[in-house]
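The values are calculated or read from the model by the stated rules, or taken from the named source; none is laboratory data. These numbers were taken from a predicted model, which means no experiment stands behind them. Cβ placement follows ideal geometry from the backbone for every residue including glycine, while neighbour counts extend to all protein chains displayed. For the accessible areas, the whole protein counts, side chains as well, though only heavy atoms, and no ligand, DNA or RNA atoms are used. Shrake-Rupley method; radii C 1.70, N 1.55, O 1.52, S 1.80 Å.
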2 protein chains.
Amino acid sequence: MRIGVLAKAAGVSVPTVRYYESIGLLAPPARQGGQRIYGSQALKALNLVRHCRELDFSIDETRDILASVQQRLPCNDTKSFAEKHLGSIRRKIAELRALETTVAALVSGCETTCCGSAAPDCVILQPGRGGT
Amino acid sequence: MRIGVLAKAAGVSVPTVRYYESIGLLAPPARQGGQRIYGSQALKALNLVRHCRELDFSIDETRDILASVQQRLPCNDTKSFAEKHLGSIRRKIAELRALETTVAALVSGCETTCCGSAAPDCVILQPGRGGT
DNA sequence: CTTGAACCTCAAGTGGCTTGAGGCCGTAGC
DNA sequence: GCTACGGCCTCAAGCCACTTGAGGTTCAAG
């Protein structure tokens, strides 16, 4: 199949497929008249890449996961990748929740205290209030 | 004061100050012998920028906030920026929580079902399970 | 044989900086 | 005066994961 068919089947854009090839994430396929021709293995690989990206694994992690799949290693590595990833997702959530609390407090502070006064005096813009 | 003093006082790096100037976020200061010399106004502005960035406002939003401060506009705009921002923080949190649920389910699925089997068959890597 | 879609490569843009190369300025000690 | 050294200067490139654009080639249909 040609690149457009492959891309559509995997739900990614054509330039993205070429990009993945350029960074060595997908193997360069055979060519016919200069155009890339893919087999079903390529679709499987691309589907896996997309799945990893949807789970928000980085390109480097995705590369490692692909390698362990292609070598049919036991899936302990996969699981430990996923666990590490889960940790970073949770850290990110914690950061964002702290930020949410801070910003929400500033907004309600503005509503009760300063709403309508001059911007330089607005509580939202006073330094040192943020829990960051 | 010179750029190093300013940067330290505001808690940002020297290249960051120059970067902010290059994108028009901070006004170009006077020069002595080619070197930038700043007054206390510049420190105030830079502190405000840093505060906005800590609250995770984008550079463009920060620019708008700076402008409204310098024009001493009433702070309703500031508040609506903050409210919009709060909305996007909450959306991001919701996304990440969904992702957390998905990945956590995959990890525990691997533990109970496939742990140790070949990576291509690991439940973590099966497409279509993710709620994304 | 011509149209038009799909393909090709290469380069640059996105955000918010950081890092590096290569060189100038200012001050302190000798 | 002279040298050493830190701090300053500009400009360019790197980071991540793509997207967008320019300009040209190939393929399938009519």
Is it true that A:Leu25 is in contact with a helix residue (DSSP H, G or I) (Cβ under 8 Å, 6 or more places away or on another chain) and not in a helix (DSSP H, G or I)?
yes
Within the stretch A:45-59, is even one residue touching a residue at least 12 places away in the same chain (Cβ under 8 Å), more than 14 Å from chain B (Cβ to nearest Cβ) and either within 14 Å of DNA strand C (Cβ to nearest atom) or under 29 Å from A:Ser88 (Cα atoms) (or both)?
yes
Among A:Glu54, A:Glu111, which is the only one that is surrounded by fewer than 17 Cβ atoms within 10 Å (Cβ to Cβ), acidic (Asp, Glu) and either more than 26 Å from B:Ser68 (Cβ to Cβ) or under 24 Å from the mean Cα position of the chain (by Cα) (or both)?
A:Glu54
Candidates A:Arg90, A:Arg72 - the one that is open to solvent by 60 Å² or more (accessible area, probe 1.4 Å), at the interface with chain B (Cβ under 7 Å from one of its Cβ atoms) and within 30 Å of B:Phe81 (Cα to Cα):
A:Arg90
Scan the stretch B:24-42 residue by residue and report those that are more than 9 Å from DNA strand D (Cβ to nearest atom), open to solvent by 40 Å² or more (accessible area, probe 1.4 Å) and aliphatic (A, V, I, L, M).
B:Ala27, B:Ala30
Pairs where the first residue, in the stretch B:3-24, is within 11 Å of DNA strand C (Cβ to nearest atom) and among the hydrophobic types (A, V, I, L, M, F, W, C) and the second is in a loop (DSSP other than H, G, I, E, B) and open to solvent by 40 Å² or more (accessible area, probe 1.4 Å), C-beta under 7 Å, 6+ apart
B:Ala7/B:Ser13
Listed residues B:Glu21, B:Glu61; which is away from DNA strand D (no atom under 16 Å from the Cβ), open to solvent by less than 70 Å² (accessible area, probe 1.4 Å) and among the acidic types (Asp, Glu)?
B:Glu61
Might you let me know whether the stretch B:65-79 holds any residue that is at pLDDT 95 or above and basic (Lys, Arg)?
no
